[in-house]
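Have a look at the structure below, then the notes.
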Amino acid sequence: MLQKLMQFMFGRRGNDELNICLIVAALILGFVNIFFRVFGLYLVYRVVYLVQLILIVMFFARFLSKNIPARQKENDAFLRFTGKFKKSNNDYNTVYSNDPVKKSKNYKYFKCPNCSAKLRVPKGKGKITITCPKCRTSFKGRS
Ligand SMILES: [Zn+2]
């Protein structure tokens with residue numbers, strides 16, 4: 001039933017990274033929960049089931065919401081959060097330290113032509129295509 005739901009939801013407008021993550025997490029929990037049930041861990045099963053329900057409710061609440069800016073904000077925060085995770089095992093962190101002066105020297109700033117968001121890219125990459133994380137507009141630039 002969940003698989004049909006996913007097929008229905010994927011690729012639709014209003015579906016963002018956070019929502020995909022929510023539904024995938026719910027599916028994984030549902031799968032793991034089969035084992036808790038099989039092994040008779042009913043208390044764990046009930047807790048996981050509840051978490052799964054909350055994830056699905058959140059998914060639908062976000063999916064059906066008409067407050068797009070608020071949802072966009074949530075998704076941006078989520079992407080920043082996961083971006084931090086990825087950065088922790090990235091070489092960029094060691095090369096470009098947290099020193100703000102050093103940081104600004106190693107980055108070039110662009111303004112999105114569509115939504116005027118400030119975008120930061122690492123310097124010295126030559127001609128690149130920049131995709132705005134907010135509105136997904138692509139434009140070319142030189143870093
Ligand atoms: Zn933009």
Mind checking which lysines have their C-alpha under 17 Å from LYS108, skipping anything on the same chain fewer than 8 residues away? LYS118, LYS123, LYS125, LYS127, LYS140
Evaluate Rg over Rh across the stretch 99-142, taking Cα atoms for both radii and Kirkwood's formula for Rh. 0.99
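Each reported figure results from applying straightforward, stated rules to the coordinates on display, with no laboratory input. Just so you know, these numbers come straight off a predicted model, no measurement behind them.
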